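These notes are about the structure you will find just below.
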2 protein chains.
Amino acid sequence: MTLSALADPTRRAILARLATGEASVSELAEPFDMSLVAVSKHLKVLERAGLISKGREAQWRPCRLEPKPLRQVDDWLESYRQFWNDNLDRLEAYAALLQKGGVDDPSN
Amino acid sequence: MTLSALADPTRRAILARLATGEASVSELAEPFDMSLVAVSKHLKVLERAGLISKGREAQWRPCRLEPKPLRQVDDWLESYRQFWNDNLDRLEAYAALLQKGGVDDPSN
DNA sequence: TCTATATTAAACCAATAAGTTAATTAACTG
DNA sequence: CAGTTAATTAACTTATTGGTTTAATATAGA
């Protein structure tokens, strides 16, 4: 559910904004070219995914970023990190070969 | 686009399988309780997102994992990593306080 | 108490996503 | 060549998503 919440660019922009500190719903909505209601719905998606939480302060609901699900994504990526490091190693080995003139460079 | 490709559990399972090595479309489809056509579509989504590539070997299309988009997700997470480390620090500080008997433990 | 502000709820719509079955393309194999 | 296997394309169905507008709820302040 986390990943599908993260799939929308508006929601990612909201998270980026929240990484700089708490903000109310209308503050979060301000930069977007869509209704407040639409942003409110995006916030609910983020909330259900645990990516943000909302407080209550008078008529405002200050939202703040919750790190847990992002950390889980990071953990999930861990399994692949080794994989792409391997690939990187291969690329680096290849680049080293090129340096020595050992292979044709396909980019030339 | 990467994130929405990653949002589907079937597709993530396919990636996990591919992290162990190349596989043909029908090999990839085998563990799933859905038609081959459905899996083929998932593969196309992954391919358009650059998460996999397909070769051709006779009538098979061996698929393999492409690391670049995953690495981009990792880079994207980077901005938040500091944020959740901060939070973790706060938690650790709190835990240390608890150890010293400085605060009530809300879990008791 | 009346009014303005902040937010959510409800009802609706168009586009996309995820699946199906049936038909098509392509390559190997006897 | 005929038949089988691998995969894709096409057409269709259903559910979900992302947006809208209008109405409702809650709080603050004159």
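The values are calculated or read from the model by the stated rules, or taken from the named source; none is laboratory data. All values derive from a computational prediction rather than experimental measurement. Note that we place each Cβ from the backbone using ideal geometry, even for glycine, and neighbour counts take in every protein chain shown. To get the accessible areas, we keep the full protein, side chains included, count just its heavy atoms, and leave off ligands, DNA and RNA. Shrake-Rupley method; radii C 1.70, N 1.55, O 1.52, S 1.80 Å.
One residue is enough: does the range B:6-16 have a residue meeting the conditions out of contact with any Gly (no Cβ under 7 Å at 6 or more places or on another chain) and within 15 Å of residue B:60 (Cβ to Cβ)? Looking for residues that are out of contact with any Gly (no Cβ under 7 Å at 6 or more places or on another chain) and within 15 Å of residue B:60 (Cβ to Cβ), one finds none in the range B:6-16, hence no.
When we screen A:36, A:46 for residues that are in contact with a helix residue (DSSP H, G or I) (Cβ under 6 Å, 6 or more places away or on another chain), surrounded by 14 or more Cβ atoms within 10 Å (Cβ to Cβ) and not basic (Lys, Arg), the only hit is A:46.
Looking only at residues of the range B:4-26 that are loosely packed, with under 14 Cβ neighbours inside 10 Å and of a type outside the set (Val, Ile, Thr), we find that the one that is farthest from residue A:79 (Cα to Cα) is B:26. Contact map, the range B:57-74: first residue touching a residue at least 24 places away in the same chain (Cβ under 8 Å) and open to solvent by less than 10 Å² (accessible area, probe 1.4 Å), second residue part of a strand (DSSP E or B) and charged (D, E, K, R), Cβ cut-off under 7 Å, separation 6 or more or different chains; pairs are B:63/B:54. For the range B:8-27, a residue qualifies if it is more than 8 Å from DNA strand D (Cβ to nearest atom) and part of a helix (DSSP H, G or I), and the qualifying residues are B:9, B:10, B:11, B:12, B:13, B:14, B:15, B:16, B:17, B:18.
Being within 16 Å of residue A:80 (Cα to Cα) and at pLDDT 60 or above is true for just one of B:72, B:59. Which residue is that?
Matching residue, one of B:72, B:59: B:72.
Checked against the criterion of being within 14 Å of chain A (Cβ to nearest Cβ) and within 15 Å of DNA strand C (Cβ to nearest atom), the candidates B:70, B:46 yield just one match: B:46.
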